[in-house]
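Structure first, then comments.
Read-outs: derived from the displayed coordinates by stated rules, not from any lab. Note that this is a predicted model, so its numbers are computed, not measured. All Cβ positions, glycine included, derive from the backbone under ideal geometry; neighbour counts span all protein chains shown.
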Protein chains: 2
Amino acid sequence: MKIREATENDFENIWPIFHEIVSAGETYAYSQDTTKDQALNIWLKAPSKTFVIVDNGNILGTYYIKTNQAGPGSHVCNCGYMVSAQARGKGLATLMCEHSQEVAKELGYKAMQFNFVASTNEGAVRLWAKLGFETVGTLPKAFNHPSKGYVNALVMYKWL
Amino acid sequence: MKIREATENDFENIWPIFHEIVSAGETYAYSQDTTKDQALNIWLKAPSKTFVIVDNGNILGTYYIKTNQAGPGSHVCNCGYMVSAQARGKGLATLMCEHSQEVAKELGYKAMQFNFVASTNEGAVRLWAKLGFETVGTLPKAFNHPSKGYVNALVMYKWL
């Protein structure tokens, strides 16, 4: 298991993971219809850096890191993590989140913020809490879940 | 006093307001060095709509409205408001915020969120509270104020 920076060539193997997760509409604030081109921009081009977690040459997960707010907010970064369906429950999100905190510090960031964690995504909420993220905000009915309707979204934050 | 949709021709008169506020670095999450071209994109091109408040042909303030999060978050909008220094204290922010809530409903939004209100911007915090916005999050030391250092930023939210 190895985490390395992603190249544009990796996108063919990132896209199936992205598409599966985003088209479900249960966790990420991207349109369920996000196209492959849009995903390339969102996940690989717009962020500061993108990483993949690889086992035997297979990409099992990926994350990005970017500045969350410009100017007076630019010391706080934002990350997003995705794990392929067949690789869940093996601690890959933990590995990537810990890795991302080290990368964040190397890049000079002082804190990390998750802006929009669906409260129904209980596994993620529990994991981020375990990794030191505090729920600093609750956005009432801000997440339109495909089966559960309007549910709260959480803002989670960690000073690094 | 009239609020109307902005055109690109208005930008020459919006820019001095934007530049004065953003270069001070005390309230908005834009780089203090934001250029005129970047400002045009941020304030007029990227948002769904931009408005100006005009008195006797003079632009005294401006606001934008845009979708805050895509996909499952796209029923929540975000706005930003700016009033020129010489027109402050006359209730223009109130007029624009009330106007923006009507526009938001016309555009089909169900809620409005301010993502990053500097806690030191006490006048704004008080005004948004008076207009029905609830502080739903506090981001610890997320705002790097030019004279006060790292201060909290607030997330404020209103279901429309």
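Data table
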item	result
Filter on A:130/A:158; A:141/B:158; B:49/B:110; B:2/B:45; A:49/A:105 - keep pairs with C-alpha separation over 20 Å	B:2/B:45
Chain A Cβ-axis minimum, rotational copy B, residue and distance in Å	A:137, 1
Ratio of the Cα radius of gyration of chain B to 2.2 N^0.38 Å, where N counts its residues	0.99
Exposed trypsin sites (Lys or Arg not before Pro) absent - longest run of chain B, DSSP non-H/G/I/E/B, at most 16 other C-beta within 10 Å	B:1-87
Region A:81-137: C-alpha gyration tensor shape, a/c 1.5 cut-off, then a/b vs b/c	oblate
Rg(Cα)/(2.2 N^0.38 Å) for region A:5-67, N = residue count	1.05
Calculated FRET efficiency for the pair residue A:102/residue B:122, C-beta based, R₀ 35 Å, to 0.05	0.40
Estimated vicinal HN-Hα couplings, Hz - region B:83-89 in sequence order (Karplus 6.51, -1.76, 1.60; Gly, Pro = x)	10, 5, 3, 6, 10, 6, x
Value at 222 nm in deg cm²/dmol, rounded to 500, when DSSP H runs of n ≥ 4 in chain B each add -39,500 (n - 2.57)	-8000 deg cm²/dmol
Separation of alpha-carbon centers, region A:1-60 and region B:79-116, rounded to whole Å	36
Å³ per residue enclosed by the Cα convex hull of the protein assembly as shown	131
Label point 7 Å beyond Cα along the C-beta direction, distances from residue B:146 to other copies (nm, shortest first)	4.7
Charge dipole magnitude, Cβ of K and R +1, D and E -1 - the protein assembly as shown, Cα centre, debye nearest 20	720
Copies compared at residue B:23 - label distances in nm, ascending, label defined 7 Å from Cα in the Cβ direction	5.1
Distances in nm from residue A:58 to the matching label points in the other copies, shortest first (labels 7 Å along Cα to Cβ)	6.9
FRET efficiency for residue A:38 and residue B:130, using Cβ-Cβ distance with R0 set to 51 Å, rounded to 0.05	0.85
Kirkwood-based Rg to Rh ratio, region B:23-104, C-alpha trace	0.98
